[in-house]
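For reference, the structure is listed below as structure tokens.
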Amino acid sequence: MLSAAAHTLLRTLLRDVPGRHHLLTLNTGHTMTTTIERRGRTFDVQRPEVVERLHLALLRGAPAGLVVRTLVDALPRPNGERRSPTRLVRGWRVNRSGLIPLDEAQMFDAHCTDAVSGEPVPPEPGVEYTGAPSVDLSPLLGR
């Protein structure tokens with residue numbers, strides 16, 4: 001069960017992003033993931049502790065990262081065709097200021113560079129790396 005603050009965090013973070021989401025949090029060396037589906041004004045969260053931990057990292061200003069993958073039905077192409085289901089991938093750094101959005105190039109580099117060798121790796125099929133929007137969490141965090 002989500003706390004009221006964690007629910008508000010999700011509602012703010014995913015405000016204009018319909019669909020099914022997968023959250024990946026990186027905090028103090030621990031990676032945690034959960035699947036989230038919006039159900040009207042509420043959320044079905046597979047592992048609420050992931051969202052609670054993200055909320056604590058934000059409150060403490062702990063260095064962390066957040067990646068959100070969102071499955072969308074179909075996106076229009078510039079030529080008017082529609083692309084089959086796509087995963088939009090966006091991310092933020094967490095620090096004392098809140099969520100710092102990563103742009104499209106940063107997300108692409110993070111996902112398409114081998115962590116060990118530094119060599120480029122091909123992008124995942126059906127994935128679109130996008131810049132993250134700014135998210136104002138100051139009312140939630142009391143800043």
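The values are calculated or read from the model by the stated rules, or taken from the named source; none is laboratory data. Since the structure is predicted, the reported quantities are computational estimates derived from the model, not experimental observations. Cβ coordinates were reconstructed from backbone atoms using ideal geometry, including for glycine residues, and neighbour counts include every protein chain displayed. When the accessible area is computed, the model is the full protein with side chains, heavy atoms only, and any ligands, DNA or RNA have been set aside. Shrake-Rupley method; radii C 1.70, N 1.55, O 1.52, S 1.80 Å.
Is it the case, given these coordinates, that Leu2 is touching a helix residue (DSSP H, G or I) at 6+ places or on another chain (Cβ under 6 Å), under 19 Å from Leu137 (Cβ atoms) and open to solvent by 30 Å² or more (accessible area, probe 1.4 Å)? Talk me through it step by step, then tell me what you get.
Working: touching a helix residue (DSSP H, G or I) at 6+ places or on another chain (Cβ under 6 Å): yes; under 19 Å from Leu137 (Cβ atoms): yes; open to solvent by 30 Å² or more (accessible area, probe 1.4 Å): yes.
Answer is yes for this residue.
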Test result for Arg87, surrounded by 15 or more Cβ atoms within 10 Å (Cβ to Cβ), at pLDDT 90 or above and within 21 Å of Met32 (Cβ to Cβ): no
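Mind counting the residues in the stretch 25-56 that are under 17 Å from Pro101 (Cα atoms) and surrounded by fewer than 17 Cβ atoms within 10 Å (Cβ to Cβ)? Lay out the reasoning, then the answer.
Keep residues of the stretch 25-56 that are under 17 Å from Pro101 (Cα atoms), which gives 25-27, 54-55.
Okay, now just the ones that are also surrounded by fewer than 17 Cβ atoms within 10 Å (Cβ to Cβ), so none.
Number of matching residues: 0.
Mind checking which residues of the stretch 91-116 are of a type outside the set (Val, Ile, Thr), assigned to a loop (DSSP other than H, G, I, E, B) and open to solvent by 70 Å² or more (accessible area, probe 1.4 Å)? Outline the logic, then answer.
Restricting attention to the stretch 91-116, the residues satisfying the condition of being of a type outside the set (Val, Ile, Thr) are 91-93, 95-99, 101-112, 114-115.
Those left that are additionally assigned to a loop (DSSP other than H, G, I, E, B): 96-97, 102-103, 112, 114-115.
If the condition is that a residue be of a type outside the set (Val, Ile, Thr), assigned to a loop (DSSP other than H, G, I, E, B) and open to solvent by 70 Å² or more (accessible area, probe 1.4 Å), then Arg96, Ser97, Asp103, Ala115 are the ones that fit.
If a residue has to be of a type outside the set (S, T, N, Q), over 15 Å from the mean Cα position of the chain (by Cα) and open to solvent by 60 Å² or more (accessible area, probe 1.4 Å) to count, how many in the stretch 117-143 make the cut?
Within the stretch 117-143, the subset of a type outside the set (S, T, N, Q) is 118-129, 131-133, 135-137, 139-143.
Still in the running and over 15 Å from the mean Cα position of the chain (by Cα): 118-126, 139-143.
This time we only want the ones that are open to solvent by 60 Å² or more (accessible area, probe 1.4 Å), so: 119-120, 122-125, 139, 142-143.
Residues in the stretch 117-143 being of a type outside the set (S, T, N, Q), over 15 Å from the mean Cα position of the chain (by Cα) and open to solvent by 60 Å² or more (accessible area, probe 1.4 Å): 9 in total.
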Given (1) under 18 Å from Leu140 (Cα atoms); (2) under 14 Å from the mean Cα position of the chain (by Cα); (3) charged (D, E, K, R), number of the condition Arg60 does not satisfy: (2)
